[in-house]
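Since every read-out is calculated from the coordinates, none of them should be taken as a lab result. Nothing here was measured: the structure is a model prediction, and the numbers come from that model. Neighbour counts run over all protein chains shown; Cβ positions are idealised from the backbone, glycine included.
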Amino acid sequence: MDSLRRLEEIFAHFPGIGPRQARRFVHYLQGRPTTQVAELVRLINEVKSETTECIRCHRYFIENEAGLSKSAGKKSSAVCAICENPERDTSTLIIVARDSDLESVEKSGAYKGLYFVLGGTVPILDKEPEKKIRLRSLLERVGVNGAAGGSFNEIILSLNTTPDGEHTTDIVKDAIKKITGDGAAGNSSDNTPRITILGRGLSTGAELEYADSETIRNALGNRR
């Protein structure tokens, strides 16, 4: 396979991009000056080298955001600015599928708690959810937080209202209940978090990433 076809194939794997759009991307790049293409390559390399994954919420962030020095060699123990912020509500955890969903919720200004990024959703017919999402890490986060005497009062499942999103919501909810007890429907005790999902400010089939701030605020305000 030549380089042009290979590049089309890579673009076609981007979320929401099909073969025809991937081909248009390649033709666009072919018509750009060499300096612009070189700048694109440089920025891609910088993004890969300057970002790291937060050990608590698992979102990717620029190292300087949390004051982490590249020379410090501490990527494996980096914590992002949101998780380190002492003004965040540490009694509430919202679970989202991807970094882009986290950014949409944060931009709405309606939520001041902590986050956890699953890394995706589980297809309905998939029998091995732990290969698709960070389920084990999530359960460790919930369990450790409880063991430390600071258990979450509420865990909000903020996933897309698509078939895969609903399926993932059920998987995560059942898994959390197994280690915390039944916290659904407001049956919260001192040590059992209340498990809620976003209200139907989000229409069925909607993706959180593309929802406007007002819709997200309504969904958070009407969670159940």
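Between GLU50 and LYS127, how many nm apart are label points set 7 Å from Cα along the C-beta direction?
4.6 nm
Excluding ALA38 itself, calculate the net charge of residues whose Cβ lies under 14 Å from the Cβ of ALA38, where each Lys or Arg counts +1 and each Asp or Glu counts -1.
Here the count lands on 0.
In a shell of Cβ-Cβ distance under 15 Å around PHE25, excluding PHE25 itself, what net charge do Lys and Arg (+1) and Asp and Glu (-1) give?
Net charge in that neighbourhood comes out at +4.
Work out how much length LYS178 to ILE62 would gain on full extension: take 0.36 nm times their residue separation and subtract the Cα-Cα distance, in nm to one decimal.
Separation in residues times 0.36 nm, less the Cα-Cα distance, equals 38.3 nm.
Roughly how far apart, in whole Å, are the Cα centres of region 79-150 and region 44-61?
Centre-to-centre distance over Cα atoms comes out at 16 Å.
Assuming 0.36 nm per residue, please report the length gained on full extension of the stretch ASP170 to LEU29 beyond their Cα-Cα distance.
Here the answer is 46.5 nm.
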